[in-house]
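Accompanying notes for the structure given below.
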Amino acid sequence: MVSQRGGRTGAEPPPRRTRVSPDADNAPTAEMPAVGKGAAEPEVVVRAKSIPEAAVARLAVYLRVLSGLAEQGATSIASEELSQAAGVNSAKLRKDLSYLGSYGTRGVGYEVAVLVSQIERILGLTRQHKVAVVGIGNLGHALANYGGFPGRGFPVEALFDLDPDLVGVPVGGLPVSHLEDIPQVCAERQISIGVIATPPTAAQSVCDRLVAGGVQCILNFAPVVLQVPAHIEVRKVDLAVELQILSFHVARRADLAESNGNGHGTGAPGSDGELGPVNGLVVR
């Protein structure tokens, strides 16, 4: 997944934020746009700005693992156990968690409930973010019907499509609205995150309508680079690119196996063959 920030061309393009550090694990996150109502605690805001984007991606993975452990009744976990479950080495995990101000207890590890609470606050999950899905094809249908979003604080509150056979038809319990109604519906329902699952030719116009409706963050599945104002955060998901990245790792391991003459790849978690965060996507 790639983070994109763009600007429109014209006489006076909006200011752009750029990251100059080539090291994703040391590059601080850019200031994120406010999402939803309510203000975060000042301490949390300052701490969040210092966290590298690669670490943010891993924090989301830790949260998934920890939430599963909490559901099973676990109260504490050692850093080695958490790192193994998350697919990262323990030193990197401890560094990531240190950004939260959480260092664990020797001989005990981390308290699961406390760590879940800390990560949720940093990731802004203490309040819900309403989501709109645009493009109700196969992918859009799957996203609209996915039951895991509401429980994680991302209720899908609006659906949009251009097909007259879909407009007005309920999908996942929500009637599909027309593309032309995006600005009005998003403003009325206070949508903060828009998901674009349209063909590439429609993506930019959809993006413009989402921005006009007050949407501040966009998840883009269309294989195009969107032009957006500087205050809009865009995350691009290109599944073909992610598969190509995985192909690279498979080929690299095969080359290592051939060079070692043992027929087996040597890459293991924590070694030089670790599959870490790639373009914001944690690949394990």
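The values are calculated or read from the model by the stated rules, or taken from the named source; none is laboratory data. For clarity, every value in this text was computed on a predicted model and none was experimentally measured. Note that we place each Cβ from the backbone using ideal geometry, even for glycine, and neighbour counts take in every protein chain shown. Surface accessibility is based on the protein's heavy atoms, side chains included, excluding ligands, DNA and RNA. Shrake-Rupley method; radii C 1.70, N 1.55, O 1.52, S 1.80 Å.
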Accessible area of Asp163, 1.4 Å probe, to the nearest 10 Å²?
60
Roughly speaking, what is the centre-to-centre gap between region 195-264 and region 112-145 when only Cα atoms are used, to the nearest Å?
18
Starting from the residue with the highest accessible area, list Phe154, Phe160 in decreasing order, probe 1.4 Å.
Phe154, Phe160
Globularity ratio of region 134-269, using Cα Rg and 2.2 N^0.38 Å:
1.36
Percent of accessible area on region 181-232 owned by carbon and sulfur, 1.4 Å probe?
59
At 20 °C and a viscosity of 1.002 mPa s, what translational diffusion coefficient does Stokes-Einstein give for region 184-224, taking Rh as the Kirkwood radius over Cα pairs? Give it in µm²/s as a whole number.
212
Looking at region 133-183 only, what percent of DSSP beta bridges run antiparallel? Nearest 5 please.
25
Sort His231, His249, His178 by heavy-atom solvent-accessible area, probe 1.4 angstrom, most to least.
His231, His178, His249
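Treating only the Cβ atoms of Lys and Arg (+1) and Asp and Glu (-1) as charged, compute the dipole magnitude of region 123-226 about its Cα centre; round to the nearest 20 debye.
460
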